[in-house]
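J.: Sharing a structure here in structure tokens format.
The values are calculated or read from the model by the stated rules, or taken from the named source; none is laboratory data. Just so you know, these numbers come straight off a predicted model, no measurement behind them. Glycine gets a Cβ as well: all are built from the backbone with ideal geometry, and neighbour counts include every protein chain shown.
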Amino acid sequence: MYSAQIEKFLKAKKISIGDRVKVGQYEGILMPRIELGDTSSLVIKLDNGYNIGVKFDKSMKKVKTEWRVEKPQAKTGVTKIVFDKKLPTISIIGTGGTIASKVDYKTGGTSASFLAEDIAKQVPDLKEIANIRAWQIMEMASEDMVPDTWVEIAKAVAEEINQGSKGIIVTHGTDTLHYTAAALSFLLKDLPVPVAVVGSQRSSDRGSSDTVQNVSCAANFVANSDVAEVCTVLHGSVNDDFCFAIRGTKSRKMHTSRRDAFKAVNDAPIAKIWWQDKRIEILNSYKKRNDKKVLVDGKIETKVALVKFFVGMDPDVLDFYKKYKGIVIEGTGLGHVATRSKLSLIPKIGKMIKAGIPVVMTSQTIYGRTHPSVYRNLRTLSELGVIFVEDMLPETAYIKLMHILPKARNVEDVKKLMQTNMVGEITERTEVVSSE
Amino acid sequence: MFHLSEDYSKLGLKAGLELHVQLDTGKKLFCNCSTKMKEKQPIEIVERKLHPVASELGTVDQAAQFEFLKGRTFYYQAFKGESCLVDLDEEPIHPLNSEALTVALQVSLLFNCKIPSEIQVMRKTVIDGSNTSGFQRTAVVGLNGYLEFRGKNVPISQISLEEDACAIIGEEDGRVMYKLNRLGVPLVEVSTGLLVGYTPEEIQEIAYMIGITCRSTGKMKHGIGSIRQDMNVSITKGARVEIKGVQELGIMAKIVEGEVKRQMIEKAKEETRTVLPDGNTKYMRPLPGASRMYPETDIPPVPVNTKYLAEIKKSLPEPLTKKLQRFEKELKLSQQLAKEILRSDYVEVFEKVKGVEPSIVASTFTNVVKDLERSGVEISNITDENFMDLFNNLAERKIAKEAIPDILRMLAENNTKKISEVAKKLGFTTLTHAELDKIIRETVKPDMPFNKAIGIVMSKVRGKADAQTVIKAVKKFLATSA
Ligand SMILES: [Zn+2]
């Protein structure tokens, strides 16, 4: 958008984006201004393709119309693409994010695009793997999602499974991809087929985009593996060589930008999927494919919080959560918070537990297992009734607490359910080498 | 055989030049890596594929592009301090390097260009793997300028600031190896308008003038590969052919001549050709178009406000083209030597030297340095201060000019950094007149022919006295003792 002055001038002179214009000594196509920069400076595309910023000048004149801005058409419903009747059919469910965005090469703007043809074009080896049912259910940046979004996605996944798909790919923004993967792990009961939550760290307009390998490996994984679990499937290294399928409850984005940002935490990846030769190496135990009918348990308690303890934290912060139904704390080390200092959280935590609000303890070290009794301060916490949840990731604990609260009758129930492994969120033992 | 002494304007010779000059900034264009390119041992090798992208759909045969890329795997060598996650396409770019932008704007002003009010970085699709992202970032920083050349204005159509690509190491069975350290080094690209009515020699001369105009900023890299030239050449009965990657200025005229000959014999079509070592060209790929460009959206456009521009204008360096004239007229350097010193790393220190014949200083910085480099001497070990010290000693006649090569060699190879010490070590301290006369008396017989006498004395005092002094003293001796 240009400044009000320019917009008004353009309207009066009937000049639109895409028109060839003359401004001072420059001639070129008037471009839209996308988000950034000085709104009182015009963006002109020269004939050699370069854009430059040009000071607005009332002598600006239209030469002719070069092209018109086309509004991207939102596509609803399922699009099918059949490459070969003998191949299995899988579904690709689009939710938005970098992976599903399409660049308008004229303007540089991005828009959602999730036509089956587009995906097939972009990932050419899909035609050797599976027939596709593509369905864009929403267009959302992953950081904008809310817990209800998970339920919506779970329902779409169940619908596709129950109409016969052999495996499901959910494309997703990467920032909160592991939240959705963990949520789907809990919400989809009796999952009979593989579900891969897939994202990309480099947008699809680049020749170097990781979309191609990630979608290809995910398609191979959901079409051909025997793993009936929810996994994240993204690059396993900075090379374009293989992806890791990581259990949804054990996966976490551990880097802001690298393509191998997702790591299996406190667990081995379930599989290593080689891109070029399509080999799938199993690295961990898993639940097998089955004939059950998948159900969505969509009842979640959203009044739950994930709170990080930090040095110098004012215990009064916890007062805000008095109206909550449960909180998960990211403690330090084995699961500590200030216990004996003047900023001790103990009185407030004690009050919450007494009021029937379960308090769950995880660790901000991310890697490793919490422990309720090694140190005196830990014993104080566990004696209060704080629920230590072994090696569960903080985000996973937060989602699990939302999931079990509607089912638990009392704090004892919550404790039992939180400390019992349901879908791989707690491991009994940690292998010496787990994720390398 | 064609004889092209005939009129090139009759043949309708038209050419366009594109010069790419590496900037010697502290950091790369979009990240904080060093631009030194000194590391030898890679610390990591990363494997990548590239995919056909939508920008080319419809404009270029996508199937062909897919086939091309399917058969290719790219390997990138990462070097400590010289390549980072940005270079590896694993981290978004940082803001445009302001030092590089300032230099690029200086270049634009030196070529009398108009400066856009806002610099917009573009992505130019490149699928040969030389850019890990699949595109090269480039921005226009100047338009519609000119270069004064022999009383005429040569049109300079555009100045761009762009990131250099990876240097290729080799290719075998579709596996291409690249070095990441050159990727992201800032380049200034100078494009001329159509050059009509010039001979191949003049075109080469214009390329030289463009090169030294860029160098006027004092911020350009030197050495092999630091300037790369592309050109397009056509004659009336031929077609516009782009020739890529001319690294040596001296063969430009020959390439233009060769291309004119080729177009007179073969039926030329519009294409891109690359330069073979002998100066001939071979086909490379179809001509690229504007459809390869789209905006870089990871960083905002950079405004060039009037205050910033005024500051740059105020501190604009003297164009080396002016210096060239001055060096010839005032310092009485030959045109050849004046050009060479301007192209060397040493213009600034050259100008600081006082009290020594300019041609001696200039040829030290050009011929002597080049000879030493060729024989394996690490000239970069010698600082500007060392050179100043050297010429001060020469001005005070403490050393003779004949001793310069040996002194520089020792300087480069040893820790001794004082010229007087080096000269003493080498036995190159200048003789006093009395000492010289003593040697003459001992070695020259009064009836000796002059040339023989000079030869004998010079062999005794080489490096300890300069030839002029020896000649004078021997003359005097022969005249008085005869
Ligand atoms: Zn870097």
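J.: Restricting to segment A:236-284, what's the tally of residues that are within 14 Å of chain B (Cβ to nearest Cβ) and more than 19 Å from the chain's Cα centre (by Cα)?
T.: Selection size over segment A:236-284: 9.
J.: Working carefully through the options B:R441, B:R374, find the one that is over 36 Å from the mean Cα position of the chain (by Cα) and charged (D, E, K, R).
T.: Just a single option satisfies the conditions, and that option is B:R441.
J.: So if I check each of B:E442, B:E435, which one is under 30 Å from B:D389 (Cβ atoms), without any contact (Cβ under 8 Å) to a residue 40 or more places away in the chain and of a type outside the set (G, A, S)?
T.: One residue alone meets the criteria, B:E435.
For (1) within 12 Å of chain B (Cβ to nearest Cβ); (2) closer than 26 Å to B:G142 by Cβ; (3) not in a strand (DSSP E or B), each residue gets a yes or a no:
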{"residue": "A:I6", "(1), (2), (3)": "no, yes, yes"}
{"residue": "A:F9", "(1), (2), (3)": "no, no, yes"}
{"residue": "A:I15", "(1), (2), (3)": "no, no, yes"}
{"residue": "A:G28", "(1), (2), (3)": "yes, yes, no"}
{"residue": "A:G37", "(1), (2), (3)": "yes, yes, yes"}
{"residue": "A:K64", "(1), (2), (3)": "no, no, no"}
{"residue": "A:W67", "(1), (2), (3)": "no, no, yes"}
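J.: Then there is this: Among the helices (runs of 4 or more DSSP H) lying completely within segment A:319-436, list those that include at least 3 residues that are closer than 18 Å to A:K303 by Cα.
T.: Those helices (runs of 4 or more DSSP H) span A:346-354, A:394-404, A:411-418.
J.: Any chance segment B:101-120 includes a residue that's facing chain A (nearest Cβ under 8 Å), modelled with pLDDT of 95 or more and either farther than 30 Å from A:Q25 by Cα or within 16 Å of the ligand (Cβ to nearest atom) (or both)?
T.: For segment B:101-120, residues facing chain A (nearest Cβ under 8 Å), modelled with pLDDT of 95 or more and either farther than 30 Å from A:Q25 by Cα or within 16 Å of the ligand (Cβ to nearest atom) (or both): absent.
J.: Consider B:V176 carefully, then state whether it is in a strand (DSSP E or B), over 15 Å from B:Q229 (Cα atoms) and either within 16 Å of the ligand (Cβ to nearest atom) or in contact (Cβ under 8 Å) with a residue 60 or more places away in the chain (or both).
T.: Taking the combined requirement at face value, the residue satisfies it.
J.: Would you check which residues across segment B:183-198 are over 18 Å from B:P92 (Cα atoms) and within 16 Å of the ligand (Cβ to nearest atom) and list them?
T.: Within segment B:183-198, B:L187 is the sole residue that qualifies.
J.: May I pose another question? Search segment B:232-244 for residues that are in contact (Cβ under 8 Å) with a residue 60 or more places away in the chain and pair each with any residue that is among the aromatic types (F, W, Y) when their beta-carbon atoms are under 9 Å apart and the residues are at least 6 apart or on different chains.
T.: Partner pairs satisfying both residue conditions: B:I235/B:Y8.
J.: Conditions first: (1) buried (at least 21 other Cβ atoms within 10 Å of the Cβ); (2) within 16 Å of the chain's Cα centre (by Cα); (3) modelled with pLDDT of 90 or more. B:V246 passes all but one, so which condition is the exception?
T.: Exception for B:V246: condition (3).
J.: Right, here's the next one. Take the residues of segment A:196-231 that are closer than 30 Å to B:M122 by Cα and of a type in the set (G, A, S): which is surrounded by the most Cβ atoms within 10 Å (Cβ to Cβ)?
T.: Selected residue: A:G199.
J.: Going through segment B:309-338 one residue at a time, which ones are charged (D, E, K, R), modelled with pLDDT under 90 and touching a helix residue (DSSP H, G or I) at 6+ places or on another chain (Cβ under 7 Å)?
T.: Residue satisfying the conditions is B:K323 alone.
J.: While we're on this one: State yes or no: is A:V227 in contact (Cβ under 8 Å) with a residue 40 or more places away in the chain, under 30 Å from A:G368 (Cβ atoms) and not charged (D, E, K, R)?
T.: For A:V227, the condition - in contact (Cβ under 8 Å) with a residue 40 or more places away in the chain, under 30 Å from A:G368 (Cβ atoms) and not charged (D, E, K, R) - is met.
J.: Has segment A:301-308 got any residue that is under 30 Å from A:N162 (Cα atoms) and in a loop (DSSP other than H, G, I, E, B)?
T.: Checking segment A:301-308: at least one residue is under 30 Å from A:N162 (Cα atoms) and in a loop (DSSP other than H, G, I, E, B).
J.: Can you tell me which residue within segment B:214-233, out of those that are part of a strand (DSSP E or B) and touching a helix residue (DSSP H, G or I) at 6+ places or on another chain (Cβ under 7 Å), is farthest from B:K254 (Cα to Cα)?
T.: Filtering segment B:214-233 for residues that are part of a strand (DSSP E or B) and touching a helix residue (DSSP H, G or I) at 6+ places or on another chain (Cβ under 7 Å), the one farthest from B:K254 (Cα to Cα) comes out as B:M220.
J.: Test A:T396 against the stated conditions and say whether it is of a type in the set (S, T, Y) and surrounded by 23 or more Cβ atoms within 10 Å (Cβ to Cβ).
T.: It is true that A:T396 is of a type in the set (S, T, Y) and surrounded by 23 or more Cβ atoms within 10 Å (Cβ to Cβ).
J.: In the list A:E160, A:E139, which residue meets the criterion of being more than 14 Å from chain B (Cβ to nearest Cβ), closer than 25 Å to A:I81 by Cβ and at pLDDT 95 or above?
T.: Unique residue meeting the criteria: A:E160.
J.: Residues being more than 30 Å from B:E270 (Cα to Cα), more than 16 Å from the ligand (Cβ to nearest atom) and away from chain A (no Cβ under 14 Å): count how many of those fall in segment B:6-50.
T.: 3
J.: What are the residue pairs meeting all of these: first residue in segment B:67-92, first residue within 23 Å of A:W275 (Cβ to Cβ) and among the small types (G, A, S), second residue part of a strand (DSSP E or B) and within 14 Å of the ligand (Cβ to nearest atom), Cβ atoms under 9 Å, and 6 or more apart or on different chains?
T.: As it stands, the answer is B:A78/B:E44; B:A78/B:V46; B:A78/B:K179, since those pairs meet every condition given.
J.: May I ask you to say which residue of B:A395, B:A400 is crowded, with 22+ Cβ neighbours inside 10 Å, touching a Lys or Arg at 6+ places or on another chain (Cβ under 8 Å) and of a type outside the set (D, E, K, R)?
T.: B:A400
J.: Being within 13 Å of A:I273 (Cβ to Cβ) and touching a helix residue (DSSP H, G or I) at 6+ places or on another chain (Cβ under 9 Å) is the filter here; which residues of segment A:209-235 pass it?
T.: Residues satisfying the conditions are A:N214, A:V215, A:S216, A:A219, A:N220, A:V227, A:C231, A:T232, A:V233, A:L234, A:H235.
J.: Looking at segment B:85-100, which of its residues are touching a Cys at 6+ places or on another chain (Cβ under 9 Å), within 14 Å of chain A (Cβ to nearest Cβ) and surrounded by 18 or more Cβ atoms within 10 Å (Cβ to Cβ)?
T.: Matches in segment B:85-100: B:V86, B:D87, B:E90, B:I93.
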